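These notes concern the structure reproduced below.
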Amino acid sequence: MSKYDEKIRNSFEEIRRCYQALCPESDIIRKLGVSRRTFDRYRNEFPEFRALIDECREEAAALATEQVENALLKRATGYVSEGEEPKHVPPDVRAAIFYLKNRRPDQLRDRREVAVPELPPILLTVEESGL
């Protein structure tokens, strides 16, 4: 049995769970007990491993983006903190502006592009005087 079969192929579900938990890839590699170089070599040599890693990276990026968007929206709209003594956190205007500008850049950006119709060229004639 090869090291790939022993260490990697049998760990596909664990790898998927780690990516879903947004573990850094360096931690995943460490858990697998291989070096970064070996991890990259396996990714290049084994199509099923490459497909797994690519899919997991894409899913993790989408999950992280969703979490950040939710946190930004929560900050923009205000919330009540959790804990022993709940505390009202008021809306943050800067977070609201940032959220809106990025969600609707065509409607809410600072600069607007205005189309100016092209004007015909102006011709100037200079007459020489007899001085």
Rounded, prolate or oblate (a/c below 1.5 giving rounded, otherwise prolate when a/b exceeds b/c) for region 78-131 by Cα gyration tensor:
prolate
Distance between region 20-75 and region 85-108 - C-alpha centres, whole angstrom:
29 Å
Let me know the charge dipole size of region 3-108 about its Cα centre in debye, to the nearest 20, where only the beta-carbon of Lys, Arg (+1) and Asp, Glu (-1) is charged.
360 debye
Relative contact order for the chain: what is it in percent, counting Cα pairs under 8 Å that are at least 6 residues apart?
14 percent
How charged is the neighbourhood of Asp92? Take every other residue with its Cβ under 10 Å from the Cβ of Asp92, and add Lys/Arg as +1 and Asp/Glu as -1.
+3
Between Glu58 and Phe12, what length in nm is gained on full extension when 0.36 nm per residue of separation is reduced by their alpha carbon distance?
15.0 nm
For Tyr79, what residues show an amide H to amide H distance below 5 Å, using hydrogens built from the backbone and excluding near sequence neighbours?
Val89
If you build a Gaussian network model of the chain, linking Cα atoms that sit under 10 Å apart, which residue out of Pro86, Pro121, Pro47 swings the most?
Pro121
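Here, each number is a calculation from the coordinates, and none is a lab measurement. Bear in mind the structure is a predicted one, so any value in this text is a computation, not a measurement. Don't worry about glycine lacking a Cβ; one is built from the backbone with ideal geometry, like all the others, and counts go over all protein chains shown.
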